[in-house]
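Colleague: Supplied in structure tokens, the structure appears directly below.
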Amino acid sequence: MAKQSIVKEFILFVKHEKKWWMIPLVGVLLVVGMLIVFASNSPLAPFLYPLF
């Protein structure tokens, strides 16, 4: 439930402050973070390290 609250607050902030440029930035940061987490636990990790 706390996660939904954070997402809801972020969406309301973006709407209220008209900071639409933040949505792609946060999306890219989340994707890169997930890639790092999943790559560290994968047998393919040595092949993904050159990407960073």
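Colleague: In segment 8-27, what count of residues is obtained for those that are under 30 Å from Leu51 (Cα atoms) and surrounded by fewer than 10 Cβ atoms within 10 Å (Cβ to Cβ)?
Modeller: Residues meeting the conditions: 3.
Colleague: Identify all residues within segment 1-46 that are modelled with pLDDT under 75 and not aliphatic (A, V, I, L, M); write none if there are none. Let's see the steps before the verdict.
Modeller: Narrowing segment 1-46 to residues modelled with pLDDT under 75: 1-4, 39-42, 44-46.
Listed by number, the residues that qualify are Lys3, Gln4, Ser40, Asn41, Ser42, Pro46.
Colleague: Additional query: Contact list please: Cβ distance under 8 Å, first residue in segment 27-42 and without any contact (Cβ under 8 Å) to a residue 60 or more places away in the chain, second residue surrounded by 11 or more Cβ atoms within 10 Å (Cβ to Cβ), pairs at least six apart or on different chains.
Modeller: Leu35/Leu48; Ala39/Ala45; Ala39/Leu48; Ser42/Leu48
Colleague: Across segment 37-52, what is the total count of residues that are assigned to a helix (DSSP H, G or I), surrounded by fewer than 11 Cβ atoms within 10 Å (Cβ to Cβ) and hydrophobic (A, V, I, L, M, F, W, C)?
Modeller: Initially, segment 37-52 is screened for residues assigned to a helix (DSSP H, G or I), giving 37-40, 45-51.
Checking the rest, the ones that are also surrounded by fewer than 11 Cβ atoms within 10 Å (Cβ to Cβ) come to 37, 40, 46-47, 49-51.
Right, trim to hydrophobic (A, V, I, L, M, F, W, C) and you get 37, 47, 51.
Going through segment 37-52 one residue at a time, the tally reaches 3.
The values are calculated or read from the model by the stated rules, or taken from the named source; none is laboratory data. Predicted model, so just to flag it, every value in this text is computed and none were measured. Positions of Cβ are backbone-derived with ideal geometry, glycine not excepted, and every protein chain shown enters the neighbour counts.
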